[in-house]
Amino acid sequence: MRTYLKWGLPILIAGLIAYLSWGFTTKLHHKQKTAERIQTLPAFTAYTLNRSIVNSATIGNRPAVIVYFDPDCDHCQREADELRQKAALLNTAQVILLSSAPLPTLTTFAKAHQLHDLLNVQVAHMDKKTAYETFGFVAVPDVLIYHADGSLSKRFRGETSVEAIARHL
């Protein structure tokens, strides 16, 4: 029995350390690749409330603001209300509110916050895995601001004022 403990325990600990190290380096590598990929607006596809496609090509040569949100998030709701109230500050940009929530929930959210009246704002659905793989979105709200040439201007994690977003367009 002591022989098993003498050799088994160190091998078990070494195996656990190797497994945790592998997981850490894999996650770090993914973060680095995502950080490089989002330096320019990546190719993506999302579906708007009327089930039309919004993608990097439909944005055209306009500045873009991509906000990843959850309809149940209090910070996201406040940000949507502020966006509606101060929409004039972002009228030169295409604003895309992305969420992994189902389309009926997003429709209710857009109506509750009167986002359907804003011409440059689109609420769209993108599944959680695709959002993570494309933009590295994990938490909400997460804001990416792109210049008209597609280069990343600024990334904000957490609730962000419309004025702060407008400063980086």
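Just a yes or no: is a residue in the stretch 101-119 free of Cβ contacts under 8 Å to residues at least 60 places away in the same chain, closer than 17 Å to residue 52 by Cα, crowded, with 21+ Cβ neighbours inside 10 Å and in contact with a Lys or Arg (Cβ under 9 Å, 6 or more places away or on another chain)?
The answer is yes, given that some residue of the stretch 101-119 is free of Cβ contacts under 8 Å to residues at least 60 places away in the same chain, closer than 17 Å to residue 52 by Cα, crowded, with 21+ Cβ neighbours inside 10 Å and in contact with a Lys or Arg (Cβ under 9 Å, 6 or more places away or on another chain).
Failed condition for residue 130, given (1) closer than 26 Å to residue 36 by Cβ; (2) at pLDDT 90 or above; (3) not in a helix (DSSP H, G or I), with all others met?
With respect to (1) closer than 26 Å to residue 36 by Cβ; (2) at pLDDT 90 or above; (3) not in a helix (DSSP H, G or I), residue 130 is out only on (3).
Only one of 98, 106, 89 is assigned to a helix (DSSP H, G or I) and under 17 Å from the mean Cα position of the chain (by Cα); which? Give the derivation first.
Working: 98 fails: assigned to a helix (DSSP H, G or I); 89 fails: under 17 Å from the mean Cα position of the chain (by Cα).
Residue meeting the stated conditions: 106.
From 57, 46, 18, grab the single residue that is among the hydrophobic types (A, V, I, L, M, F, W, C), outside any loop (DSSP other than H, G, I, E, B), on the phi < 0 side of the Ramachandran plot and touching a residue at least 40 places away in the same chain (Cβ under 8 Å).
Numbers: 57 fails: touching a residue at least 40 places away in the same chain (Cβ under 8 Å); 18 fails: touching a residue at least 40 places away in the same chain (Cβ under 8 Å).
Among 57, 46, 18, only 46 is among the hydrophobic types (A, V, I, L, M, F, W, C), outside any loop (DSSP other than H, G, I, E, B), on the phi < 0 side of the Ramachandran plot and touching a residue at least 40 places away in the same chain (Cβ under 8 Å).
Regarding residue 97, is this residue without any contact (Cβ under 8 Å) to a residue 40 or more places away in the chain, under 14 Å from residue 165 (Cβ atoms) and not aromatic (Phe, Trp, Tyr)? Talk me through it step by step, then tell me what you get.
On the way: without any contact (Cβ under 8 Å) to a residue 40 or more places away in the chain: yes; under 14 Å from residue 165 (Cβ atoms): yes; not aromatic (Phe, Trp, Tyr): yes.
So residue 97 fits the description; yes.
The values are calculated or read from the model by the stated rules, or taken from the named source; none is laboratory data. Just so it is clear, the model here is predicted, and its values are computed rather than measured. As a convention, Cβ positions derive from the backbone with ideal geometry for all residues, glycine included, and neighbour counts pool all protein chains shown.
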